[in-house]
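Student: I have a structure I would like to understand better, so I am pasting it below and will then ask my questions one at a time.
The values are calculated or read from the model by the stated rules, or taken from the named source; none is laboratory data. Computed from a predicted model, the values in this text were never measured in an experiment. A quick note on method: Cβ atoms are made from the backbone with ideal geometry, for glycine too, and the neighbour counts reach across all protein chains shown.
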Amino acid sequence: MNLTLHLTNSCNLKCEYCFVDPGMQRMTQDVAFAAINFAMQNCTSSGLLFYGGEPLLERKLIEGIIEYSGNIRKKTGHAFYYKITTNGTLLDESFINMAKEANLMFGFSHDGLAQDTCRVFHNGQGSFSVLEEKIPMLLKQHPYSVGMSVINPSTVHRAAETVQFLFDKGFRYITQSLNYSRFAPWTQSHFNILKKEYEKMVNMYLIWTRTEEKFYLSPIDLKIISHIKGESYAKDRTVYARNQLSVAPDGKIYPGSKYIDNPYFEIGDVFSGIDAVKSKAAYEKIEIIPEPCSECTLRPRCNYVYDSISSKGDGTVRDVSPVQCAHEQLITPIADTVAEKLYKERNAMFMHKHYNKMYSVVSLVEDKGVYLPEIISAYE
């Protein structure tokens with residue numbers, strides 16, 4: 001079983017698009033250890049994702065969790081795998097070295113040269129300069145770290161530049177997501193700019209693939225994967241979500257991070273386990289296909305078809321975001337054009353990456369690492 005542990009809702013940054021309600025909630029050691037014991041039920045391995053707020057504010061707790069689960073592994077053979085999503089400002093060599101020893105993987109949030117527009121400290125100071133020494137320190141020990149950026153209306157004109165920045169810094173696994181909060185002031189003009197930015201990314205994608213770079217760029221690669229998987233794509237994402245439960249600081253369990261602290265989606269706690277009745281009711285709400293989506297030709301490939309629940313009332317209101325829909329309609333044909341070009345070329349790297357089922361094994365042998373879907377799955 002895989003768990004996202006929301007260690008705290010506090011953060012040392014005040015990012016413009018953050019969806020976490022700030023506060024002083026902290027997970028205790030008792031809750032954390034109970035979560036580990038819960039994760040071990042009926043399985044031989046467990047994945048733990050450290051999340052926040054900023055999880056490195058709870059560094060001692062992270063180290064205690066790794067020590068506790070490591071001792072369990074020695075006694076029982078139960079395997080644990082660790083990931084963390086961090087803004088990186090609190091990283092130091094000591095933690096990075098400990099993480100290497102524990103095989104902890106990093107999701108590193110950074111908006112490139114647009115960093116100081118949205119990702120600032122509470123006093124308004126930008127965080128870009130603080131991270132300049134952290135990036136090489138991290139990638140030296142953890143070359144498979146995921147560079148994670150957010151496209152905001154205020155930074156949309158720098159989306160491609162951000163990808164290039166992360167690539168030039170050494171990140172080869174890059175996720176880029178849209179700020180689709182209902183408060184984000186997206187307009188058609190922003191989407192016109194975004195289209196141009198994606199077209200720039202297309203050129204990067206083609207160059208990198210043709211020069212046999214190993215990389216993952218989520219906006220394009222996810223849509224290529226959705227074409228190959230077809231009808232199973234969106235369903236596979238819901239299956240993954242069912243296997244990545246979220247644990248709030250107080251120990252309550254939810255189907256995912258977006259449902260934290262929503263009482264209508266609480267499905268149990270780490271001390272007493274899952275409530276079967278609550279769990280069934282929650283997933284029935286989540287997995288309903290909204291009526292506007294039912295006849296959409298992009299539905300099987302959509303990242304949001306099962307992600308449209310509003311938090312109003314009893315939690316059952318379906319709220320299909322126009323921004324999400326517009327984004328899916330924009331990126332899908334762009335990604336398909338890239339894939340068609342490389343497929344027609346029979347580009348060896350492209351075919352190997354997307355059609356060779358043994359690619360993960362080959363990559364593991366070649367790089368002594370892990371194939372990209374296993375790396376980025378929890379960070380999207």
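Student: Scanning for something over 29 Å from Arg119 (Cβ atoms) and more than 20 Å from the chain's Cα centre (by Cα), does segment 12-27 turn up at least one residue? Quick ask: steps written out before the conclusion?
Tutor: Within segment 12-27, the first condition is being over 29 Å from Arg119 (Cβ atoms), and the residues that meet it are none.
So far as segment 12-27 goes, no, none of its residues is over 29 Å from Arg119 (Cβ atoms) and more than 20 Å from the chain's Cα centre (by Cα).
Student: Could you list, in sequence order, all residues of segment 29-39 that are buried (at least 17 other Cβ atoms within 10 Å of the Cβ), over 15 Å from Glu63 (Cα atoms) and not small (Gly, Ala, Ser)?
Tutor: Answer for segment 29-39, where residues must be buried (at least 17 other Cβ atoms within 10 Å of the Cβ), over 15 Å from Glu63 (Cα atoms) and not small (Gly, Ala, Ser): just Phe38.
Student: Considering only helices (runs of 4 or more DSSP H) fully contained in segment 275-380, which possess at least 1 residues that are charged (D, E, K, R) and at pLDDT 70 or above?
Tutor: Numbers: elements: 276-286, 291-294, 322-345, 348-355, 359-367, 372-376.
Those helices (runs of 4 or more DSSP H) span 276-286, 291-294, 322-345, 348-355.
Student: What residue, of Lys83, Lys74, Lys14, is crowded, with 18+ Cβ neighbours inside 10 Å and basic (Lys, Arg)?
Tutor: Working: Lys74 fails: crowded, with 18+ Cβ neighbours inside 10 Å; Lys14 fails: crowded, with 18+ Cβ neighbours inside 10 Å.
None of the others qualify; the one that does is Lys83.
Student: Anything in segment 248-265 that is charged (D, E, K, R) and modelled with pLDDT under 95? List them, or say none.
Tutor: Residues of segment 248-265 that are charged (D, E, K, R), as a first pass: 250, 252, 258, 261.
Matches in segment 248-265: Lys258, Asp261.
Student: Just to be sure I understand, how many residues within segment 131-143 are surrounded by fewer than 19 Cβ atoms within 10 Å (Cβ to Cβ) and not polar (S, T, N, Q)?
Tutor: Here is the first cut: in segment 131-143, the ones surrounded by fewer than 19 Cβ atoms within 10 Å (Cβ to Cβ) are 132-133, 136-137, 140-143.
Checking the rest, the ones that are also not polar (S, T, N, Q) come to 132-133, 136-137, 140, 142-143.
Total satisfying the criteria: 7.
Student: Could you tell me whether segment 189-206 includes any residue that is hydroxyl-bearing (Ser, Thr, Tyr), touching a His at 6+ places or on another chain (Cβ under 8 Å) and assigned to a helix (DSSP H, G or I)? Show your work before the answer.
Tutor: Taking segment 189-206 and keeping what is hydroxyl-bearing (Ser, Thr, Tyr), we get 189, 198, 205.
This time we only want the ones that are touching a His at 6+ places or on another chain (Cβ under 8 Å), so: none.
No, the conditions are met nowhere in segment 189-206.
Student: How about segment 209-230: which of its residues are in a loop (DSSP other than H, G, I, E, B) and surrounded by 16 or more Cβ atoms within 10 Å (Cβ to Cβ)? Can you show your working first?
Tutor: So the first thing to find is which residues in segment 209-230 are in a loop (DSSP other than H, G, I, E, B), and the list is 211-215, 230.
Those that are in a loop (DSSP other than H, G, I, E, B) and surrounded by 16 or more Cβ atoms within 10 Å (Cβ to Cβ): Lys214, Phe215.
Student: Condition test on Glu16, is it out of contact with any Pro (no Cβ under 6 Å at 6 or more places or on another chain) and part of a helix (DSSP H, G or I)? Can you show your working first?
Tutor: On the way: out of contact with any Pro (no Cβ under 6 Å at 6 or more places or on another chain): yes; part of a helix (DSSP H, G or I): no.
Taking the combined requirement at face value, the residue does not satisfy it.
Student: Do you know which of the residues in segment 231-252 that are assigned to a strand (DSSP E or B) and in contact (Cβ under 8 Å) with a residue 40 or more places away in the chain is farthest from Asn2 (Cα to Cα)? Walk me through it before giving the result.
Tutor: Of all residues in segment 231-252, those assigned to a strand (DSSP E or B) come to 244-247, 252.
Within this subset, residues satisfying the condition of being in contact (Cβ under 8 Å) with a residue 40 or more places away in the chain are 244-247.
Numbers: Gln244: 5, Leu245: 7, Ser246: 9, Val247: 10 Å.
Filtering first and then ranking leaves Val247.
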